[in-house]
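The values are calculated or read from the model by the stated rules, or taken from the named source; none is laboratory data. Worth saying up front: this structure is predicted, and the values here are computed from it rather than measured. Cβ placement follows ideal geometry from the backbone for every residue including glycine, while neighbour counts extend to all protein chains displayed.
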Amino acid sequence: MLLFQITETSIDTVGIGGGADTVTIMDLLLQGGFMMIPIALLSLAAVYIFAERVMTIRKASETPDQFMDNIKNSVQKGDINGARMLCAQNDSPIARMVEKGISRIGHPLKNIEVSIENVGKIEIFRLEKNLSLLATISGSAPMLGFLGTVIGMIQAFIAIAQEEGTVSPKLLSEGIYTAMVTTAAGLFVGILAYLGYNYLVTRVQKVVHRMEYTSVDFIDLLQEPN
């Protein structure tokens, strides 16, 4: 029987006889075999997508508190160019939606609503870019880990079949390492990607809610009697 002592930087494998061998985390990962390569690539892709989306969504949600108040004041005064300048100074989905609505002032209200909705759909598509890929990673990483497990167990059984006489634990260690390490790595990447995906979806929904509220507020402004 083996007892495992896990430290912050290494794993000490201690046998009953008292001997100890230090196995680092990197050594364990390398024991996972070639299936660790796609899992590692998926982890890098997940980190990149998450970081890029966080920055994009954060930028999209940065709308000045007085933005709509200033737009209302300009529109009510008939300063359409001033309202469009306010929108141009703010690089956000809300500003681009309002700017499209302002550019359609004078057209039927229904046409203005459709124009704003079309811009909103484009902006939502931009916000959700690569989120489906992150969801795919959250599902495919554990599957790759399970595939590595199957490959490792096949290697272990092949070693048993080829060995004559008593089978030593050392002979089976490579297959067992591959089986356990790839499963753990795949689950780790999949869980983090899944949590990241849900976090980003929640952030996008908040931005979309603000976009919808602002579009309704702008349409109400145009419906107010002069």
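Odds and ends about this structure:
To keep it simple, each residue is scored yes or no on (1) of a type in the set (V, I, T); (2) more than 16 Å from M211 (Cα to Cα).
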site	(1), (2)
A51	no, yes
V54	yes, yes
K59	no, no
F67	no, no
I71	yes, no
G78	no, yes
M85	no, yes
I102	yes, no
H107	no, yes
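- The single residue among I80, I102, I57 that is within 30 Å of T202 (Cβ to Cβ) and of a type in the set (V, I, T) turns out to be I57.
- Out of K129, K121, sole residue that is of a type in the set (D, E, K, R) and touching a helix residue (DSSP H, G or I) at 6+ places or on another chain (Cβ under 8 Å): K129
- Top-ranked residue of the stretch 106-116 - restricted to ones that are surrounded by 14 or more Cβ atoms within 10 Å (Cβ to Cβ) and touching a residue at least 60 places away in the same chain (Cβ under 8 Å), ranked as farthest from M85 (Cα to Cα): E113
- Going through (1) at pLDDT below 80; (2) part of a helix (DSSP H, G or I); (3) exposed (fewer than 15 other Cβ atoms within 10 Å of the Cβ); (4) of a type in the set (V, I, T) one by one, T178 falls short only on (3).
- Leading residue by the ranking (modelled with the lowest pLDDT) among those in the stretch 19-49 that are within 16 Å of the chain's Cα centre (by Cα) and surrounded by fewer than 19 Cβ atoms within 10 Å (Cβ to Cβ): A40
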